[in-house]
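The block underneath contains the structure these notes are about, expressed in structure tokens.
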Amino acid sequence: MSLSLSLPLPCGLCALLVILLVHLSASAPPTLVPQIRTNGFQLEPLENTYYLSIQHPDGTIRRESVKEIAPGLLQVEGVINQPFEELGTSLVVTYRAGPDGYVAKYTYGKGPPTPPPQLPQFLSPNALKSSVG
């Protein structure tokens, strides 16, 4: 024997549920990582990609991009630039990792360090809104 009880929902509650469902369906898609901008550290999400830049006070720079090429499958490309001022040398490591494996290349030598690739420039939502008018 089963007992089913059906109670009508008040109109206000129904309207609230409809508004919540519409809001959830119109909200922005989830990103891989949050946006973070602090002194020497930048993490920028952009659709299915994020960009990372770390500048250490000793001059070491790390820049990386990570792209989700399929659900749960990432492609990573980056560079680490480590100067050794006391020796007048620098170590530059470029790397790529993804479904085909991991490849890293490095150079070590005298002279100025190779500048790492630049990250794309990002504007904050407020800057974009103010530029429209």
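The figures follow:
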| read-out | value |
| --- | --- |
| Strands (runs of 3 or more DSSP E) fully within the range 28-104 counting 3 or more residues that are of a type in the set (Ser, Thr, Tyr) | 49-55, 89-98 |
| Filtered residue count, the range 40-80, keeping only those that are under 24 Å from Leu91 (Cβ atoms), in contact with a strand residue (DSSP E or B) (Cβ under 6 Å, 6 or more places away or on another chain) and surrounded by fewer than 14 Cβ atoms within 10 Å (Cβ to Cβ) | 3 |
| Conditions (1) modelled with pLDDT of 90 or more; (2) closer than 26 Å to Gln35 by Cβ; (3) aliphatic (A, V, I, L, M); number of the one not met by Ala127 | (1) |
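The values are calculated or read from the model by the stated rules, or taken from the named source; none is laboratory data. Note that the coordinates shown come from a computational prediction; the quantities given were computed from them, not determined experimentally. Every residue, glycine among them, receives a Cβ derived from its backbone with ideal geometry; neighbour counts consider all protein chains shown.
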